[in-house]
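The values are calculated or read from the model by the stated rules, or taken from the named source; none is laboratory data. Here the structure is a predicted model, which is why all the values come from computation and not from measurement. So basically every Cβ, Gly included, is an ideal-geometry build from the backbone, and we count neighbours across all protein chains shown. Areas reflect the complete protein model, heavy atoms only, side chains present, ligands, DNA and RNA absent. Shrake-Rupley method; radii C 1.70, N 1.55, O 1.52, S 1.80 Å.
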Amino acid sequence: MFTKILIANRAEIAVRVARTARRMGYATVAVYSEADAESAHVAAADEAVLIGPAAPRESYLAIDALIAAAKRTGAGAIHPGYGFLSENPDFADACARAGIVFIGPPAAAMRAMGSKTAARRLAQSAGVPVTPGYDGEDQSEAALAEAAAAIGFPVMIKAAAGGGGRGMRRVERREDLAGALASARSEAEAAFGDGTLFLERAVADARHVEVQVFGDTHGNVVHLGERDCSIQRRHQKLVEEAPAPGLSSEVRERMGAAAVAAARAAGYVGAGTVEFLFEPASGAFWFMEMNTRLQVEHPVTELVTGLDLVEWQIRVARGEPLPLAQHEIAYRGHAIEARLCAEDPAHGFAPASGPVRLWIPPEGVRVDHALARCDRVPPHYDSMLAKLVAWGATREEARRRLAAALAETVLLGVPTNRGYLAAAIAHPVFVAGRATTGFVAEHLPPAAEHAPDPAALALGAALLYERASPWRGPAEWFNWTSTGVRAKPMRLEWHGRKFDATVEPTGRHAYRVTVAGATVAVALPGERGVRIEAEVEGVRRIVSAVIAEDGIDIALPEGDLRLRDATYDPAAAAATGADGVVRSPMNGRVAAVAVAAGQTVARGDLVVAIEAMKMEHAIEAPVAGRVAEVAVAAGAQVTPGALLARIEPAA
């Protein structure tokens, strides 16, 4: 029996667990790193304990510090959330030794399913089909290359201890295998401390379908239906829904039974997810892995079943039997979730960090988050900021509600994928329920951008114009000339693209702006966190905008727009990278340096690999030439714009 729960996690999931725990009458304890001292999850708990510096290894992954925090506060149980130590059997063992209840599966079940290769073998022993592949002990490049040739290309490389898409690579050609193996192994070692890899056949036009399972200590195992998680970038999920569209009742029944069989084979207790690769053309499916924790996307299951999965976890951890038998679990309607992340889809989904200057969540849908106005997104953790989850009696109703919620959401200060998510769920392939794991690459590649809106460009020009003005009085006081009010030419920059504009003051904080072929009247009632009314060709619209030292951010229904005043920029080669200067595009840790001074490189060669928000990002040479300088070493922390290397361009 326990009366207080320590939540060994941060941000959104910590807030979500605390909400259910407190509803059930349990006191809660938050833990936080130095970077999270002002985080909303700290305020959401009854007590909070500082456990270490920002780096996860010294805080949220520090088992001894977490156990000590639980003992100091008298917490009799620990909920690990997801990520961090949620699938670490050593953490479960440490809790047991300390007499603390671990709200998750037993360590033995985690070990059985924690290794993806061991999980494949266990699933096979239970009669569950697995994807053809190689999971042998010989990890030499020669053995893996031979196995890949036998499987046939394309082939998937996966980390045996992996999860969240880390250590995973798809290889189309034999020539690319060696580099992909090295990259996957490096990322796996950094993320999990284990570079063991295995190979699987890459299934064309496949869908990622997973089944939520639950077991208790009385031998009961049930499933709570399936979810489709096919829309992914870098093998990480963006949009999830329940139930999976287009599954026949026969496939749905077989998949649920297979998931329960896999869980029983592992002696599973608590919440878990069995993940399958599903081939729509044949109706065949194959076991991929089991996640021995609560999933990020669990809210869609909660909305269609009406159940609280965290409550079930706590009840099972107390030794209670599952609240419902399989035949008592009912499903209603459809739910779709979108993950709002701090990343830039226009630049390969590069992760972002920095201040949240304006946050206005939508109404009418479930929003799981730990954000506050003037919050700050640190560079050390996962890029997900919030989850928007919509329910409807039908799939289309849920989709429309989610689309409206995304249009209504305002999060300014850091780049987000809000516009990309809106485009994804509006795409005809998604609307028809036919999205596969290749959806992003085939239909919405990362470079996809919508055209700038003239009203947004005009609003940005007016706000940037006011920031540069020495006065805040009536415009005519400081723009008067002998021939009338002065119009000012400006140049705006958006994702490297330039737009010429003319701004003409027409009154106090009122302007006529000509840009992108339109003339727009703009009025500015305030300077920060404002709702602005603009009119283009007789159509009025309300938008949100915030201004900062580095530019202006504007929230539009179709996505966010970040503009910079480039009026006085010099015509420098650095703008295109033609000068050979390689700078960091993000906060992060240098995982590897691939070049040395004096080395000759081609355009596109790897220069530095940066680990940011749990992923490894390749920084490539912008020009061909000779490396004149390497400015960083492996292990160094870098900030956006930091010099990484300098290349002397070839003549």
Legend entry - All positions within segment 321-344 that are under 30 Å from residue 415 (Cα atoms) and not small (Gly, Ala, Ser): 334, 336, 337, 339, 340, 341, 343, 344
Legend entry - strands (runs of 3 or more DSSP E) fully within segment 338-411 counting 2 or more residues that are buried (at least 21 other Cβ atoms within 10 Å of the Cβ): 384-392
Inset, instruction - Return the pairs, sorted by first residue and then second, in which the second residue is β-branched (Val, Ile, Thr) and open to solvent by 10 Å² or more (accessible area, probe 1.4 Å), the first residue lies in segment 336-348 and is closer than 19 Å to residue 426 by Cβ and touching a residue at least 12 places away in the same chain (Cβ under 8 Å), the beta carbons are less than 6 Å apart, and the residues are 6+ apart or on different chains. - result: 340/416
Inset, instruction - From 187, 175, grab the single residue that is of a type in the set (Asp, Glu), modelled with pLDDT under 95 and open to solvent by less than 20 Å² (accessible area, probe 1.4 Å). - result: 187
Legend entry - strands (runs of 3 or more DSSP E) completely within segment 539-637 that count 3 or more residues being surrounded by fewer than 18 Cβ atoms within 10 Å (Cβ to Cβ) and modelled with pLDDT of 85 or more: 625-630
Legend entry - Lone unmet requirement of (1) in contact (Cβ under 8 Å) with a residue 12 or more places away in the chain; (2) within 26 Å of residue 154 (Cβ to Cβ) for residue 282: (1)
Inset, instruction - Mind telling me which of the residues 507, 517, 526 ends up being of a type in the set (Gly, Ala, Ser), at pLDDT 85 or above and exposed (fewer than 15 other Cβ atoms within 10 Å of the Cβ)? - result: 517
Inset, instruction - Answer yes or no: is there a residue in segment 251-258 that is in a strand (DSSP E or B), in contact with a strand residue (DSSP E or B) (Cβ under 7 Å, 6 or more places away or on another chain) and at pLDDT 95 or above. - result: no
Legend entry - Looking only at segment 37-55, and only at residues there that are touching a residue at least 24 places away in the same chain (Cβ under 8 Å) and open to solvent by less than 30 Å² (accessible area, probe 1.4 Å), the one that is farthest from residue 16 (Cα to Cα): 54
Inset, instruction - Evaluate the following for residue 101: is it open to solvent by less than 30 Å² (accessible area, probe 1.4 Å) and aliphatic (A, V, I, L, M)? - result: no
Legend entry - Residue identified as surrounded by fewer than 19 Cβ atoms within 10 Å (Cβ to Cβ), at pLDDT below 95, outside any helix (DSSP H, G or I) and not aliphatic (A, V, I, L, M) among 124, 139: 139
Legend entry - Boolean, residue 442 is open to solvent by 80 Å² or more (accessible area, probe 1.4 Å) and either touching a helix residue (DSSP H, G or I) at 6+ places or on another chain (Cβ under 9 Å) or at pLDDT below 85 (or both): yes
Inset, instruction - Could you please give the count of residues in segment 320-337 that are part of a helix (DSSP H, G or I) and surrounded by 13 or more Cβ atoms within 10 Å (Cβ to Cβ)? - result: 1
Inset, instruction - For residues that are among the aliphatic types (A, V, I, L, M) and under 13 Å from residue 337 (Cβ atoms), scanning just segment 221-243, find the one that is surrounded by the most Cβ atoms within 10 Å (Cβ to Cβ). - result: 242
Legend entry - Qualifying position, being in a loop (DSSP other than H, G, I, E, B) and either without any contact (Cβ under 8 Å) to a residue 24 or more places away in the chain or under 25 Å from residue 331 (Cα atoms) (or both), among 225, 219, 179: 219
Inset, instruction - Looking only at segment 269-282, decide whether some residue is under 14 Å from residue 206 (Cα atoms) and hydroxyl-bearing (Ser, Thr, Tyr). - result: yes
Inset, instruction - Name the single residue, out of those in segment 101-119 being among the β-branched types (Val, Ile, Thr) and modelled with pLDDT of 90 or more, that is nearest to the chain's Cα centre (by Cα). - result: 103
Inset, instruction - Within segment 337-375, track down each residue that is modelled with pLDDT of 90 or more and of a type in the set (Lys, Arg). - result: 339, 366
Inset, instruction - Tally the residues that are of a type in the set (A, V, I, L, M) and either open to solvent by 40 Å² or more (accessible area, probe 1.4 Å) or in contact (Cβ under 8 Å) with a residue 40 or more places away in the chain (or both), restricting the search to segment 244-258. - result: 3
Legend entry - segment 259-277: number of residues that are assigned to a strand (DSSP E or B) and open to solvent by 10 Å² or more (accessible area, probe 1.4 Å): 1
Inset, instruction - Go through (1) polar (S, T, N, Q); (2) surrounded by fewer than 19 Cβ atoms within 10 Å (Cβ to Cβ); (3) in a loop (DSSP other than H, G, I, E, B) and name the single condition residue 86 misses. - result: (2)
Inset, instruction - Kindly check whether there is at least one residue in segment 149-156 that is open to solvent by 50 Å² or more (accessible area, probe 1.4 Å) and assigned to a helix (DSSP H, G or I). - result: yes
Legend entry - Meets criteria (open to solvent by 40 Å² or more (accessible area, probe 1.4 Å) and at pLDDT below 90) for residue 201: yes
Inset, instruction - Would you check if there is a residue in segment 233-240 being part of a helix (DSSP H, G or I), among the aliphatic types (A, V, I, L, M), in contact (Cβ under 8 Å) with a residue 40 or more places away in the chain and under 30 Å from residue 324 (Cβ atoms)? - result: no
Inset, instruction - Considering each of 35, 65, 45 in turn, give the residue that is part of a helix (DSSP H, G or I), within 14 Å of residue 10 (Cβ to Cβ), touching a strand residue (DSSP E or B) at 6+ places or on another chain (Cβ under 6 Å) and of a type in the set (Gly, Ala, Ser). - result: 65
Legend entry - Number of the condition not met by residue 414 [criteria: (1) at pLDDT below 95; (2) buried (at least 22 other Cβ atoms within 10 Å of the Cβ); (3) touching a strand residue (DSSP E or B) at 6+ places or on another chain (Cβ under 6 Å); (4) not in a loop (DSSP other than H, G, I, E, B)]: (4)
Inset, instruction - Might you let me know whether segment 305-319 holds any residue that is β-branched (Val, Ile, Thr) and in a loop (DSSP other than H, G, I, E, B)? - result: no
Legend entry - Hits in segment 1-36 (condition: in contact (Cβ under 8 Å) with a residue 60 or more places away in the chain and of a type in the set (Phe, Trp, Tyr)): 2, 26
Inset, instruction - Please work out if residue 118 is closer than 20 Å to residue 199 by Cα, open to solvent by less than 40 Å² (accessible area, probe 1.4 Å) and not polar (S, T, N, Q). - result: yes
